[in-house]
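Data first, discussion second: the structure below is written as structure tokens.
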Amino acid sequence: MFNAVLPMPPSVNGLFPGKQRRYPSKQYKDWMRVAMLTLREAPKFPDPVRINYTVYFKNKGSGDLSNRLKAVEDILVKRGIIVDDSHLWITDFSMSFGGYDKQNPRIELSIQGRNNG
């Protein structure tokens, strides 16, 4: 099992601002840099995984829970922690609202491999 705390990623609506050609937003690039550093010592999971997410929003107007998952799952794949973010590799997940934290909005995640605990 692996646990990590990532800063709150941009909403999925703010990841790719291009209309004709999609490209990562500055906010998304900045978040990816921090997330890549945070996950630098994470183990690799060669088998399907279960992921538990706990989301701590800055305030009540911060958006919806599932809107933040794409960036997190994409960075897990980019970093090589999980093989893919399809249903074949993330076979189960749970997401819960942890509360409000004005100083430290974040996503806490726990990854458990099917075959390696």
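Computed values, structure above
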quantity: Residue selected from region 2-27 under the condition touching a residue at least 12 places away in the same chain (Cβ under 8 Å) and exposed (fewer than 13 other Cβ atoms within 10 Å of the Cβ), by the criterion farthest from Ile75 (Cα to Cα); calculated: Asn13
quantity: Residues being under 18 Å from Met36 (Cα atoms) and in contact (Cβ under 8 Å) with a residue 12 or more places away in the chain - total across region 62-103; calculated: 15
quantity: Search result, residues across region 28-42 that are in contact with a strand residue (DSSP E or B) (Cβ under 9 Å, 6 or more places away or on another chain) and loosely packed, with under 15 Cβ neighbours inside 10 Å; calculated: Val34
quantity: Filtered residues of region 74-95 (kept if in contact with a strand residue (DSSP E or B) (Cβ under 7 Å, 6 or more places away or on another chain) and within 15 Å of Met8 (Cβ to Cβ)); calculated: Met95
quantity: Check on Phe16, touching a Phe, Trp or Tyr at 6+ places or on another chain (Cβ under 7 Å) and of a type in the set (Phe, Trp, Tyr); calculated: yes
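Residues checked against (1) more than 23 Å from Thr91 (Cα to Cα); (2) among the basic types (Lys, Arg):
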site	(1), (2)
Val34	yes, no
Arg40	yes, yes
Asn52	no, no
Gly61	yes, no
Ser66	no, no
Ala71	no, no
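Read the figures in this text as sums done on the coordinates, not as results from a lab. Quick caveat: nothing in here was measured; it's all calculated off a predicted structure. A quick note on method: Cβ atoms are made from the backbone with ideal geometry, for glycine too, and the neighbour counts reach across all protein chains shown.
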